[in-house]
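The values are calculated or read from the model by the stated rules, or taken from the named source; none is laboratory data. Just so you know, these numbers come straight off a predicted model, no measurement behind them. Cβ sites come from the backbone with ideal geometry, for glycine too, and all protein chains shown count toward neighbours. Side chains included, ligands, DNA and RNA excluded: accessible areas come from the protein's heavy atoms. Shrake-Rupley method; radii C 1.70, N 1.55, O 1.52, S 1.80 Å.
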Amino acid sequence: MEPQVTDRPEKSRYEILAGDDGTETAGFAEYHLSEDEIAFIHTEIATRFAGQGLGGLLARGALDDARTRGLRVLPYCPFVRGWIGRHPEYTELVPEARRARFGL
C-alpha cells in the first residue's frame, strides 16, 4: 500500500501512514495553526522507516494541503525549512516578508 499523509487536527500534526497494511504511523509533522498561518515546528520519522523518502512525502503532503487551504507557511522546523529550500516551487507559501528569517 502507498504511504498516505493525513491531517490530524486533534493532535495538531500531519501523519504519514505506511507499513504492510498502510495503517502504521511512520512519522509526523507537528504544527501550530492560527487563522491563516500554519507554523511547522517539528518533524519526525520512526527509525524503522528511515531512509525510505517518507519525510519528503510527508512534507510535500502537508505543504500541498496548506496550499489548498490558502494557509501561509512558517517553517520553524529545520526539516520542513530545508525541504522547501530544495523545492523552490513551495517558497511562495512562506510570506515574502518572512523568507529571509527562514533563509529562503
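Would you please list the contacts, defined by Cβ atoms under 9 Å and residues six or more apart or on different chains, that run from a residue in the stretch 1-16 that is under 13 Å from G61 (Cα atoms) and touching a residue at least 60 places away in the same chain (Cβ under 8 Å) to a residue that is open to solvent by less than 40 Å² (accessible area, probe 1.4 Å) and of a type outside the set (A, V, I, L, M)? What qualifies is V5/Y14; V5/E15; V5/G61. A count restricted to the stretch 38-50 and to residues that are over 30 Å from A97 (Cα atoms), open to solvent by 30 Å² or more (accessible area, probe 1.4 Å) and not hydroxyl-bearing (S, T, Y) stands at 4.
In the set E30, E15, E2, E35, only one residue is open to solvent by 40 Å² or more (accessible area, probe 1.4 Å) and modelled with pLDDT of 95 or more; that residue is E30. Taken residue by residue, the stretch 67-81 has at least one member that is in a helix (DSSP H, G or I), closer than 16 Å to T6 by Cβ and at pLDDT 95 or above. Consider the stretch 57-66. How many of its residues are within 8 Å of the chain's Cα centre (by Cα) and either without any contact (Cβ under 8 Å) to a residue 40 or more places away in the chain or open to solvent by 50 Å² or more (accessible area, probe 1.4 Å) (or both)? Result for the stretch 57-66: 3.
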